[in-house]
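Notes for the one structure printed next.
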Amino acid sequence: MASYKLVLVLFCLALVACTAKEPDNSDEEHNIGQKLQPVSTITKQNGQTKNSVLIFDETIRQVHRFDVDKAQHISTVPVANPGVPHTLMTTDDGNYFVDFYDRKLTIYNAAGTIVDDSMNFVGTPRSAAFRPDLGVIAVYDSLMNVVIAKIDLTGHITQSWVGGSVVSSSNTISAGDINDSGKLILALSNDTIAVADVTNTLSSQAWQATTFSTGISGVNWVAALPNNKMLVRSTTKIAVIDLGTQSVVSQFDATDYKTEKLSKLVSPHVILRKNEVVTLVSANGGSIDTKILTNQPRRIIYSQLDVPNNIWTFVDVNVYWNVNYDFWTGRIYNQIDEVRTSRTVKRYRHSDFAVLASKGAPDAAQLVLSKEYLFALQPSELGFAQLFAITTSEGPRTMKGFNKDKIR
Amino acid sequence: MKSLLLGLFFIYSGAQASTFIGNGGSGADLEMQVALSQVQKIFETIQRLDKNSNVNICRCRSRFENQPSCEMIKKLDEQEVKFCDKTVKAQTPQILEWLAGSKSLKINWTSSEIMVGQKHGERLSDAVTNRSESTITVNQKRFQGMNPPEKMFLLVHELFHLTSFDNKPMEDEGPVGPFKGPDGGRDLINAMSAGAVMEGLDSGSIKKFQSYLRRSSYDKDLWIDLAVEGQSRTSTNNTYAFNNPVGGSLGVRYYIFNNFGVTAKYWMSQQDKGILTTIKGKEIMNSISLGLTYKLTPFSDPLSYIGQSHFVFNVAYEQMNSHYELTDPFQEYKNDVTSSGVRADVRYYLPIRWGFWGFVGAGASTIKYSYTDIPLSYDSTPVFFFTGVSYGFL
């Protein structure tokens, strides 16, 4: 009898192990801005590629800056408290960068000198909406505090305020983002949308927001769109909301789908999955645009949609036993570096889903994706990075040995 | 004399290796000193015998039965044996005066054949004694070719010539006591010498002196040095540096005149280590040095252990090739650098046996170098410490 039970247990384990796991994108929901990452984005607000990329090297635990045009290592910044996780955000021109770690935020200039480290948090920073072009940042911490600050062009914090999660009446923040007007747009727990004026809020040191209702309930993700619009993902819908008319302009019924990926790079979009069918949902002007990819057993862990340039680039992985998923919780990691094997970079033309490129990404590396290049920082103590062209057959350009002088 | 020596004591057929040269002198000095010490011991032993005892020195010992020496003694009649015994004991104080007393004995070496004039012509000899100058002249080459008993026999024979009997010098020619005939003197001296040497060998009192000859002696001209050598140096980057490399060296020294000579040495060291968690560093150093060497022998008694010990000073031009490999799972750097400088060291040698020596030493070099692809510079004067073994020959 005991042997039957053992066989049954083993059978169940095998079944669990061999069954595809659904992606868990919970860490992308209920954020303001984007989940913090140990690499800065290499793509500007306008979709163009930045000259340099910043990356927290998890091996030697310092921040590197690389010139992606020349394929050169530029500098290394020894950050404070290197033993804890560090996440980064930077400006388009790289004149300063923000380093989040522990319960603190430190701003460094391009030379690696600390410009401002006055900001502290009660909880741990988990996401941030950063608009360096507007000089505004909103950081959401693990205890649901919102830190709003203005940063000048040199990286100094000129104004800041710590707000609680209750914005209007007793309604708390569910998700948010900063739009092109510098307004903090927030989805609240009572299914209303709040538009907070950052300048007034900082001046009065209290939430200054207007609210309205859209009829969309259960919003857990908000992305700012151009022209005073926003894209939201609720429990059942994906919708475009016009902040001017305070109404839903377009919506898609996502009741039967599971969310595979929520991304604000470069054009906000949502990737839905139903079995092996993937639906890419984005906003085309004021309308919801959907495109379907069939026969997609691999799971997408990173996605970058550039609607103006008509390209969609994503990284997918196997989801079976060989994928780095948490056996006990069943969670499949969905960030580009949370799975470091079997990653494939694919590029589609957005308009007709013509495949423009498909190539494997190097295992074990920390990846950064731009329009032109895949940047891979390997876990090399001596320092080793490669720049792969995505759409051409050009061989990788290698940067190596940049840690040699720093090892002591 | 020559034929007699060739036949004597053939049980020592394996001639003792010539292993000692006196302070600054020839290679036979030590052998001579050992032989003289043995002879002195023999006569000290004889002196301790009661003059009236029944111990016959001029007798054949069983272990030397059928040997020419015994045959020579066997042919003595009872009267000659007694006379021989009595004369040996009587002459012993005089011999000890030469060896350990106030009289000054001078040993001269010669490389020429020694011809001794006699009434009936000249004869070839291995040694000759000049009483007036208190000098024994010895043919060095022949002496070094003898086994220890032969050497003792030769010296005892010559020492008897320095003594007086009945107020007359003891000489080879003419009758003495019951030893009749024109060579009676030589027959007596040969019988006394053979008896004395057999007495010394039989008593075992001279055994310890043989060990002096087995001990390595510093008079050799060609030396091979094998050493374990460690360095102490400082660098700009201690992460990659091997500040205390240990290696091995093989050196050769050849002394051209007196204690001055030339030296050449090859030194090699390979070190590796892990850096952080995945980096591996490996440095291989090879050096060749060519220079001058000087051997200082400051101690006076070559028969003693310390007396044989000596210092060696080396100054050399050194050229070193250093190779560094730095790797992690993603890349590999290989860097070579050649550097040169002057190296000086001093060593202290202690004799072991059979030509082998142990030594310790220390030195320094002016070599400094930097790698181009690896952030590592050795920028201090390296200090060396080494220990090893040597073999001296020729």
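The numbers here are math on the coordinates, done by the rules we state, and not lab data. Just so you know, these numbers come straight off a predicted model, no measurement behind them. As a convention, Cβ positions derive from the backbone with ideal geometry for all residues, glycine included, and neighbour counts pool all protein chains shown.
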Task: For residue B:313, net neighbour charge (Lys/Arg +1, Asp/Glu -1) across residues whose Cβ lies under 13 Å away - done: +3
Task: chymotrypsin sites (Phe, Trp or Tyr not before Pro) within segment B:336-375, DSSP loop, no more than 16 other Cβ atoms inside 10 Å - done: B:354
- [ ] For chain A, set up a Gaussian network in which alpha carbons nearer than 10 Å are linked by springs, and say which option among A:80, A:138, A:149 fluctuates the most.
- [x] A:80
- [ ] Give the long-range amide H neighbours of residue A:208: residues separated by 5 or more places, or on another chain, with amide H under 5 Å away, using H modelled in the peptide plane at 1.01 Å from N.
- [x] A:197, A:201
TODO: Only Lys, Arg, Asp and Glu count, each charged at its Cβ (+1, +1, -1, -1), so figure out the dipole size of segment B:146-203 about its Cα centre, rounded to 20 debye.
DONE: 40
Task: Net +/- balance of residues flanking residue A:360 in space, Cβ distance below 14 Å, scoring K and R +1, D and E -1 - done: +4
TODO: Mind checking which of A:263, A:314, A:251 is farthest towards the positive end of chain A's charge dipole, using Cβ charges of +1 (Lys, Arg) and -1 (Asp, Glu) about the Cα centre?
DONE: A:314
Task: Electrostatic dipole magnitude of the protein assembly as shown [Cβ: Lys, Arg +1; Asp, Glu -1; Cα centre; debye, to 20] - done: 1180
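To make sure I understand, if each residue's beta carbon is the centre and we count other beta carbons within 10 Å, what order do A:316, A:27, B:29, A:363 fall in, fewest to most?
On the way: A:316 23, A:27 16, B:29 20, A:363 12.
Sorted ascending by nearby Cβ count, the order is A:363, A:27, B:29, A:316.
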Task: Cα centroid separation, segment A:73-130 to segment B:60-91 (Å) - done: 109
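Taking GluC sites (Glu not before Pro) as candidate sites, keep only those in a DSSP loop with at most 12 other Cβ atoms within 10 Å, then name the longest stretch of chain A containing none of them. Let's see the in-between values first.
Details: sites that count: A:276, A:394.
Counting at most 12 other Cβ atoms within 10 Å as exposed, the longest clean stretch of chain A is A:1-275.
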- [ ] Tell me the label-point distance for the pair residue B:66, residue B:325, using the 7 Å Cα-to-Cβ offset, in nm and rounded to one decimal.
- [x] 6.8
TODO: Grab the Cα-Cα distance for residue A:172 and residue A:391, subtract it from 0.36 nm times how many residues apart they are, and report the gain in nm with one decimal.
DONE: 74.4 nm
Task: Two-site label geometry, residue B:90 and residue A:72: point separation in nm, points 7 Å out along Cα→Cβ - done: 11.0
Task: Rg over Rh [alpha-carbon atoms, Kirkwood Rh] for segment A:104-158 - done: 0.97
Open item on the list: Over all directions, the average projected area of the alpha-carbon convex hull for the protein assembly as shown comes to how many nm²?
Closed with: 58.2
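In a shell of Cβ-Cβ distance under 13 Å around residue A:68, excluding residue A:68 itself, what net charge do Lys and Arg (+1) and Asp and Glu (-1) give?
Working: positive: A:44, A:50, A:65, A:70, A:371, A:397; negative: A:67, A:69, A:372.
Result for the neighbourhood of residue A:68: +3.
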TODO: Enumerate the lysines that residue B:220 could reach by cross-link, defined here as Cα to Cα under 17 Å, with residues fewer than 8 away along the same chain left out.
DONE: B:141, B:295
Open item on the list: Multiplying the sequence separation of residue B:203 and residue B:130 by 0.36 nm and subtracting their Cα-Cα distance, what value in nm do you get?
Closed with: 23.2 nm
Task: Cα convex hull of segment B:318-394 - mean projected area over all directions, nm² - done: 7.6
- [ ] Counting only C-alpha contacts under 8 Å and six or more residues apart, can you give the relative contact order of chain B as a whole percent?
- [x] 15
Open item on the list: Loop by DSSP (not H, G, I, E, B), at most 15 other beta-carbon atoms within 10 Å: where is the longest site-free stretch of chain B for trypsin sites (Lys or Arg not before Pro)?
Closed with: B:181-352
Task: Under 27 Å from the Cα of residue B:75 - lysines, other chains or at least 8 residues apart - done: B:2, B:51, B:86, B:89, B:119, B:151, B:168, B:180
- [ ] Estimate the FRET efficiency between residue A:248 and residue B:238 by the formula 1/(1 + (r/R0)^6), using the beta-carbon distance for r and 60 Å for R0, to the nearest 0.05.
- [x] 0.35
Task: For segment B:105-175 versus segment B:237-301, the gap between their alpha-carbon centres in whole angstrom - done: 51
Open item on the list: Let's see if you can work this out: charge +1 on each Lys and Arg Cβ, -1 on each Asp and Glu Cβ, no other charges. What is the dipole magnitude of segment B:94-217 about its Cα centre, in debye to the nearest 20?
Closed with: 520
